[in-house]
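Visitor: Right, I'll just put the structure down here and ask away after.
The values are calculated or read from the model by the stated rules, or taken from the named source; none is laboratory data. Note that the coordinates shown come from a computational prediction; the quantities given were computed from them, not determined experimentally. Cβ: placed from backbone, ideal geometry, glycine included. Neighbour counts: every protein chain shown. We work out accessible area using only protein heavy atoms, side chains counted, and drop any ligands, DNA or RNA first. Shrake-Rupley method; radii C 1.70, N 1.55, O 1.52, S 1.80 Å.
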Amino acid sequence: MNKELFGVLEDDGAFDELASRSSFDWVGAGENATVAIRDPALGFPGRSATYSDERGYCVLWGEILPPDDVSTPLAEYTLDRYEEIGRDAFSELNGSFLAFVELNGDAIVATDPIRTWQCFYADTPKGRVFGTNPRRVVSAVPHTDVDTRGLLEYVHMGVVVDERTVFDQLNAVPFDGFLTADEAGTLSRFIYDPADPDEFDYVDELAARLERAIARRSNYPGKQGLLLSGGYDSRTIVAQHPGIDVCYTLGTPNHPEVVVARNIANQYGADHETLVANDDYLNVDESVIKYGLGTRESVHVHHAGCDSKLDADTVFHGLFFDTLLRGHFLPRNVVDVLGNKFPLQGLDPNPNATKVLSSKFGYHPACDHVFPECYDEFDTSMEFIDEVVHEQLDKWSDRYDNIYDSIALVGIQNQPTLPFHFELSDNYIESFVAADAELIDWHLKTPPEERNTETMKQAMRKLNPDIFQHRPPDRPHHSFRKNQIEKFLRRKLPGVEPFSTPWPDMDAQYAENELDRKLFPGYPRIHELPVRVKLRINDITTWMNSAVDTSLLTPNDVLCPPERLLSNL
């Protein structure tokens, strides 16, 4: 990968056995650890940075911004603050990052508050190995077994939950977490604590924080690009950022979503390019699958086949705006009329956490009927998912006070779309605006019923009264209810075109490319599965075999791992 952090705690020569120092931009060797980073943006403002002196050293990796009143170089500042206040120093950092400090023999790795970067680790005879590339980490383990629970989670939900991976000996640093030579634990930066509404105006606060978050990221180098849709989130960036040069939209030039995006770009003086996807949209290549890191599906890297068409140095996007600011994981209230569900205003008064999260993660009930013999403890995959979800709700119960925040917390911890971010950051100077510390703080202080699209729209209008001059094509009315009624009528009435995504039809492309024959020859039962589940099976089979440099794992093994396989990897 072009960007990587890798290290060994209590190093006893393992680093040089596992990696070439010359392949990294910077290597730090302290008393108790060796850490290296590779990042083409190393040293740019707001990007990866390093500092060392007689006390130890600090490595900051990713997009990482200082407190607003700090002028000291950030890595030096972080080392100083760690010496003064210990782990609380990580609470002062802002952005999408991993941080490493070694000070007076104390070595620690920390994630950002919402773990936008997964950092993996494994214990080996020569020390605890950690890094952002799980294949390099797992290569340090002499003997690796498949974690069948992690594999089931991946196949049935599209995510491996929490700290688990698909290998027993490979783990992820916890959400809002840290790693030392003998511990993996959590910090206390992401805890729901609603503010007094008399002192915290949700709309005004969001507008001001969005303005500052984008301003903090307005001095990145080179040509500035933005992945722009016709919706709400990414248009906030082009409306506020003073220097967006070009906007890119995936689709076909005449699709309504692309037309609206083009109009938005023109409104704010930016060029616009349409990314017309080809067969690579389905992401069946190992070069794209690797960005799933063995814990997420690569299908979320929508733009991967169009990288050669992106002529930008820095790329912005609206990922996580809907998650943190518009309540993507929150269960909306609906009414059932003759078997059709109509969304209403407000939240579901009696939500089922398992149903909400499984639908957001990518569960499909068809898995239950293809390999029923693989369930020893559960009759259906939904029973399995229910146990996984409730384990997580119990584990993190000290961070929330209501069912809505509990669902949001588990969703954010295991966000399926992170490969989108991983791939962008590996190929560009990528800016993750929604990971700004002030926006995360707004999310934690704002009650779930106020984290919705209407609050977001009001904040956006405060930033720019003309921001909705060009409305999203699938939301032509100002009224939420009218939009929902029109969506329903377009789906049901003959001769009326329903609202659609500008992205290619996944099922059609799968069939046209004969991917059953190419990916699963000799596995007719897998052919029965939905296309997205089949792509998921190909993802994890390809990733696991490349991670252990073997071809022992078959698609059938992924769905139903035989005992003989577990001792051979």
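Visitor: So which strands (runs of 3 or more DSSP E) stay within segment 1-100 end to end and still have 1 or more residues that are over 28 Å from Ala140 (Cβ atoms), hydrophobic (A, V, I, L, M, F, W, C) and touching a residue at least 12 places away in the same chain (Cβ under 8 Å)? Quick ask: steps written out before the conclusion?
Guide: Values: elements: 4-9, 26-29, 33-38, 49-53, 56-65.
Where strands (runs of 3 or more DSSP E) fall fully within segment 1-100 and carry at least 1 residues being over 28 Å from Ala140 (Cβ atoms), hydrophobic (A, V, I, L, M, F, W, C) and touching a residue at least 12 places away in the same chain (Cβ under 8 Å), they are 56-65.
Visitor: For Gln415, which of the numbered conditions (1) closer than 21 Å to Phe316 by Cα; (2) of a type outside the set (Lys, Arg); (3) surrounded by fewer than 21 Cβ atoms within 10 Å (Cβ to Cβ) fails to hold?
Guide: With respect to (1) closer than 21 Å to Phe316 by Cα; (2) of a type outside the set (Lys, Arg); (3) surrounded by fewer than 21 Cβ atoms within 10 Å (Cβ to Cβ), Gln415 is out only on (3).
Visitor: Do you know which residues across segment 507-562 are modelled with pLDDT under 90, part of a loop (DSSP other than H, G, I, E, B) and among the acidic types (Asp, Glu)?
Guide: Answer for segment 507-562, where residues must be modelled with pLDDT under 90, part of a loop (DSSP other than H, G, I, E, B) and among the acidic types (Asp, Glu): Glu528, Asp549.
Visitor: May I pose another question? Out of all the residues in segment 338-348, is one or more open to solvent by 20 Å² or more (accessible area, probe 1.4 Å), in a loop (DSSP other than H, G, I, E, B) and either under 28 Å from Leu293 (Cβ atoms) or modelled with pLDDT of 95 or more (or both)? Full working, then the answer.
Guide: Pass one, segment 338-348, residues open to solvent by 20 Å² or more (accessible area, probe 1.4 Å): 338-348.
In the following step, the residues that additionally are in a loop (DSSP other than H, G, I, E, B) were identified as 338-339, 348.
From what's left, either under 28 Å from Leu293 (Cβ atoms) or modelled with pLDDT of 95 or more (or both): none.
Scanning segment 338-348 turns up no residue that is open to solvent by 20 Å² or more (accessible area, probe 1.4 Å), in a loop (DSSP other than H, G, I, E, B) and either under 28 Å from Leu293 (Cβ atoms) or modelled with pLDDT of 95 or more (or both).
Visitor: Among (1) at pLDDT below 70; (2) open to solvent by 20 Å² or more (accessible area, probe 1.4 Å), there is one condition Asn483 misses while meeting the rest; what is its number?
Guide: (2)
Visitor: I've got another one for you. Considering every residue within segment 213-221, establish whether at least one is open to solvent by less than 10 Å² (accessible area, probe 1.4 Å), part of a loop (DSSP other than H, G, I, E, B) and either over 30 Å from Leu103 (Cβ atoms) or β-branched (Val, Ile, Thr) (or both). If you could, list the steps in order and put the result at the bottom.
Guide: Residues of segment 213-221 open to solvent by less than 10 Å² (accessible area, probe 1.4 Å): 213-214, 217.
So of that shortlist, the ones also part of a loop (DSSP other than H, G, I, E, B) come out as 217.
Imposing the further condition that a residue be either over 30 Å from Leu103 (Cβ atoms) or β-branched (Val, Ile, Thr) (or both) reduces the set to none.
No: segment 213-221 contains no residue that is open to solvent by less than 10 Å² (accessible area, probe 1.4 Å), part of a loop (DSSP other than H, G, I, E, B) and either over 30 Å from Leu103 (Cβ atoms) or β-branched (Val, Ile, Thr) (or both).
Visitor: Suppose we filter segment 102-147 for residues that are of a type in the set (Asp, Glu), assigned to a strand (DSSP E or B) and within 20 Å of the chain's Cα centre (by Cα); how many remain?
Guide: Initially, segment 102-147 is screened for residues of a type in the set (Asp, Glu), giving 102, 106, 112, 123, 145, 147.
Still in the list and also assigned to a strand (DSSP E or B): 102, 106, 123.
Then keep just the ones that are within 20 Å of the chain's Cα centre (by Cα); that gives none.
The total comes to 0.
Residue-wise test of (1) in the same structural domain as Ala434 (by the TED database); (2) of a type in the set (Asp, Glu); (3) surrounded by fewer than 21 Cβ atoms within 10 Å (Cβ to Cβ).
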{"residue": "Ser52", "(1), (2), (3)": "no, no, yes"}
{"residue": "Gly56", "(1), (2), (3)": "no, no, no"}
{"residue": "Gly62", "(1), (2), (3)": "no, no, no"}
{"residue": "Pro66", "(1), (2), (3)": "no, no, no"}
{"residue": "Val70", "(1), (2), (3)": "no, no, yes"}
{"residue": "Glu83", "(1), (2), (3)": "no, yes, yes"}
{"residue": "Asp88", "(1), (2), (3)": "no, yes, yes"}
{"residue": "Phe97", "(1), (2), (3)": "no, no, no"}
{"residue": "Val101", "(1), (2), (3)": "no, no, no"}
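Visitor: Just checking, does segment 177-185 include any residue being among the small types (Gly, Ala, Ser), assigned to a strand (DSSP E or B), touching a residue at least 60 places away in the same chain (Cβ under 8 Å) and open to solvent by less than 20 Å² (accessible area, probe 1.4 Å)?
Guide: At the first step, the residues of segment 177-185 found to be among the small types (Gly, Ala, Ser) are 177, 181, 184-185.
So of that shortlist, the ones also assigned to a strand (DSSP E or B) come out as 177, 184-185.
Filter once more, so that each one left must be touching a residue at least 60 places away in the same chain (Cβ under 8 Å): 177, 184.
Filter once more, keeping what is open to solvent by less than 20 Å² (accessible area, probe 1.4 Å): 177.
Checked against the condition, which is being among the small types (Gly, Ala, Ser), assigned to a strand (DSSP E or B), touching a residue at least 60 places away in the same chain (Cβ under 8 Å) and open to solvent by less than 20 Å² (accessible area, probe 1.4 Å), segment 177-185 yields at least one hit.
Visitor: For segment 418-463, what are the residues that are open to solvent by less than 10 Å² (accessible area, probe 1.4 Å), part of a loop (DSSP other than H, G, I, E, B) and of a type outside the set (S, T, N, Q)?
Guide: Result: Phe432, Asp436, Arg451.
Visitor: Provide a single number: the residues in segment 529-551 that are polar (S, T, N, Q) and touching a strand residue (DSSP E or B) at 6+ places or on another chain (Cβ under 8 Å). Spell out how you get there, then give the answer.
Guide: Quick first cut of segment 529-551, residues polar (S, T, N, Q) only: 538, 541-542, 545-546, 550-551.
Filter once more, so that each one left must be touching a strand residue (DSSP E or B) at 6+ places or on another chain (Cβ under 8 Å): none.
Residues flagged as polar (S, T, N, Q) and touching a strand residue (DSSP E or B) at 6+ places or on another chain (Cβ under 8 Å) within segment 529-551 amount to 0.
Visitor: Sort through Asp198, Asp193 and tell me the only one that's in contact with a Leu (Cβ under 8 Å, 6 or more places away or on another chain), open to solvent by 10 Å² or more (accessible area, probe 1.4 Å) and part of a loop (DSSP other than H, G, I, E, B).
Guide: Asp193
Visitor: If you take the residues in segment 234-265 that are of a type in the set (S, T, N, Q) and either crowded, with 21+ Cβ neighbours inside 10 Å or in contact with a helix residue (DSSP H, G or I) (Cβ under 8 Å, 6 or more places away or on another chain) (or both), which one is nearest to Glu430 (Cα to Cα)? Please lay out each step first, then the result.
Guide: Going residue by residue through segment 234-265, those that are of a type in the set (S, T, N, Q) are 234, 236, 240, 249, 252, 254, 263.
Next, from what is left, pick out any that are either crowded, with 21+ Cβ neighbours inside 10 Å or in contact with a helix residue (DSSP H, G or I) (Cβ under 8 Å, 6 or more places away or on another chain) (or both): 234, 236, 240, 249, 252.
Details: Ser234: 14, Thr236: 17, Gln240: 17, Thr249: 16, Thr252: 24 Å.
For segment 234-265, the residue satisfying everything is Ser234.
Visitor: Right, next: Looking at Gly225, is it assigned to a strand (DSSP E or B), buried (at least 18 other Cβ atoms within 10 Å of the Cβ) and in contact with an Asp or Glu (Cβ under 8 Å, 6 or more places away or on another chain)?
Guide: Against the criterion (assigned to a strand (DSSP E or B), buried (at least 18 other Cβ atoms within 10 Å of the Cβ) and in contact with an Asp or Glu (Cβ under 8 Å, 6 or more places away or on another chain)), Gly225 qualifies.
Visitor: Let me ask you something else. Search segment 511-535 for residues that are outside the structural domain of Asp368 (by the TED database) and free of Cβ contacts under 8 Å to residues at least 40 places away in the same chain and pair each with any residue that is part of a loop (DSSP other than H, G, I, E, B) and open to solvent by less than 30 Å² (accessible area, probe 1.4 Å) when their beta-carbon atoms are under 9 Å apart and the residues are at least 6 apart or on different chains.
Guide: From segment 511-535, the pairs are His527/Phe520; Lys534/Phe520.
Visitor: Taking Ala110, is it open to solvent by less than 10 Å² (accessible area, probe 1.4 Å) and hydrophobic (A, V, I, L, M, F, W, C)?
Guide: Yes: the conditions hold for Ala110.
Visitor: Examine segment 493-506 for a residue that is modelled with pLDDT of 85 or more, outside any loop (DSSP other than H, G, I, E, B) and within 28 Å of Asp279 (Cα to Cα), and state whether such a residue exists. Break it down stepwise before answering.
Guide: Within segment 493-506, the subset modelled with pLDDT of 85 or more is 505-506.
Add one more test, that the residue is outside any loop (DSSP other than H, G, I, E, B), and what stays is 506.
Still in the list and also within 28 Å of Asp279 (Cα to Cα): 506.
Yes, segment 493-506 contains a residue that is modelled with pLDDT of 85 or more, outside any loop (DSSP other than H, G, I, E, B) and within 28 Å of Asp279 (Cα to Cα).
Visitor: Going residue by residue through segment 307-328, is there one that turns out to be within 27 Å of Lys518 (Cα to Cα), surrounded by 21 or more Cβ atoms within 10 Å (Cβ to Cβ) and in contact with a Phe, Trp or Tyr (Cβ under 6 Å, 6 or more places away or on another chain)?
Guide: No, segment 307-328 has no match at all.
Visitor: Quick one: Val161 ticks every box in (1) surrounded by fewer than 20 Cβ atoms within 10 Å (Cβ to Cβ); (2) part of a loop (DSSP other than H, G, I, E, B) bar one, so which box is it?
Guide: Status for Val161: all satisfied but (1).
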